[in-house]
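Reading through the structure tokens given below for one structure.
FYI, it's all coordinate maths here, none of it is from the lab. Values in this document were obtained by computation on a predicted structure and should not be read as measured data. Cβ atoms come from the backbone with ideal geometry, glycine included; neighbour counts cover every protein chain shown.
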Amino acid sequence: MLIDTHCHLYKEYFDNLQEIINISKNKIVLYFINNGCDNKSNVEVLETTTKYKNVYGALGLHPEMVENYTLSDIKFIENNISNDKIVAIGEIGLDYHYTKDNKEKQKNLFEMQLKLAEKYNVPVIVHSRDATEDTINILKKYNVKGIIHSFSGSEETAKQYIKMGFLLGINGVVTFKNCNLKEVLKNVSIENIVLETDSPYLSPEPFRGKQNNPSNVYFVAKFLSLIYNISLIEVANITTKNALNMFKKIIY
Ligand code: NI
């Protein structure tokens, strides 16, 4: 059994979610964590967790929303964080890729949500792009753990995150030809890894460029079985155990 710990199952991308769940079943992908990124998607995430047994949710305000959120959007997260099927606060973090001009605002939004995670003792799902140093320094201020989503950093960075109690979320990026991540992972134990797709983005090879869906977490698992030279079943067992240890609300 595989878990897709990071996807965006919004109506605008997937108009028939039941079909996606059925396709995923054929590839032994049985549980999904639907990640919100703004208030609209957080509302949808909550709806999908009510409607579909195997869909769990994370509520969060993505750094790209830094100019467009209100305090009531934060309140919405707090009001629903104790829901049985909301397993984390995410997707939250820092993204300096397009602009560094709003760094302080981004940090503020990130920290408001980390405070909630600490207060309610829930894991976080962290997006960090071109912002490793600030991400690490901020996470160190809080008593939180969780997932570093779409990890693609150096071995040194991987080890820092792991030491802080974080797991690395690995997706289709690892299958890309010119990606150094496979070399890095050879020196990182699979005990520190969870699988994800980031659907509808980041399709793994051989589907790179097409719309991604959670069933493709199967191909990420297969690729890891080659990197670690273990069977697909072992990859499934270990990464699923890692995810269940982190997200205690998932009942399986
Ligand atoms: Ni994402």
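Quick notes on this one:
- Inter-probe distance in nm under a simple model that places probes 7 Å from Cα toward Cβ, at residue 232 and residue 249: 3.1 nm
- Whole-number Å³ per residue for the convex hull built on Cα positions in segment 2-246: 116 Å³
- Residue separation of residue 70 and residue 136 scaled by 0.36 nm, minus their Cα-Cα distance, works out to 21.2 nm of gained length.
- Taken about its Cα centre, segment 74-198 carries a charge dipole of roughly 180 debye when the Cβ of each Lys and Arg holds +1 and the Cβ of each Asp and Glu holds -1.
- Residue (of 158, 203, 37) at the positive-pole extreme of the chain, dipole from beta-carbon charges: 158
- Net charge of neighbours whose Cβ lies under 12 Å from the Cβ of residue 160, counting Lys and Arg as +1 and Asp and Glu as -1: 0
- Among 216, 26, 54, residue whose mean-square fluctuation peaks in a GNM of the chain (springs only between Cα atoms under 10 Å): 26
- With each label modelled as a point 7 angstrom along the Cα→C-beta vector, the residue 207-residue 111 pair spans 4.0 nm.
- By the combined test of axial Cα extent (at least 15 Å) and Kyte-Doolittle hydropathy (mean at least 0.5), the qualifying DSSP H helices of the chain come to 217-228.
- Estimated FRET transfer efficiency when R0 is 30 angstrom, pair residue 155-residue 104 (beta carbons, to 0.05): 0.50
- Peptide ranges 142-148, 105-111 listed from the most packed, as the mean C-beta count within 10 angstrom indicates: 142-148, 105-111
- Reachable lysines from residue 210, criterion Cα separation under 24 angstrom, eight or more residues apart if same chain: 11, 25, 27, 177, 182, 222
- Partner aspartates and glutamates whose Cα lies under 13 Å from the Cα of residue 140, excluding those fewer than 8 positions away in the same chain, are identified as 111, 118.
- Only Lys, Arg, Asp and Glu carry charge here, each on its Cβ (+1 for the first two, -1 for the last two); on that basis segment 44-95 has a dipole of about 340 debye about its Cα centre.
- Charged-residue dipole, Cβ positions (Lys, Arg, Asp, Glu), the chain about Cα centre, Debye nearest 20: 600 debye
- In this structure, the amide hydrogen of residue 145, modeled 1.01 Å from its nitrogen in the peptide plane, lies closer than 5 angstrom to those of 124, counting only residues at least 5 positions away or on a different chain.
- Highest-fluctuation residue, 181, 61, 71 considered, GNM on the chain with Cα pairs under 10 Å: 71
- Residue of 82, 203, 152 that the Gaussian network model of the chain assigns the largest fluctuation, springs spanning Cα pairs under 10 Å: 82
- Cα→Cβ-extended label distance, 7 Å offset, between residue 121 and residue 182, nm: 4.2 nm
- Helix-only CD estimate at 222 nm, as mean residue ellipticity for the chain, using -39500 (n - 2.57) per DSSP H run (n ≥ 4): -12000 deg cm²/dmol
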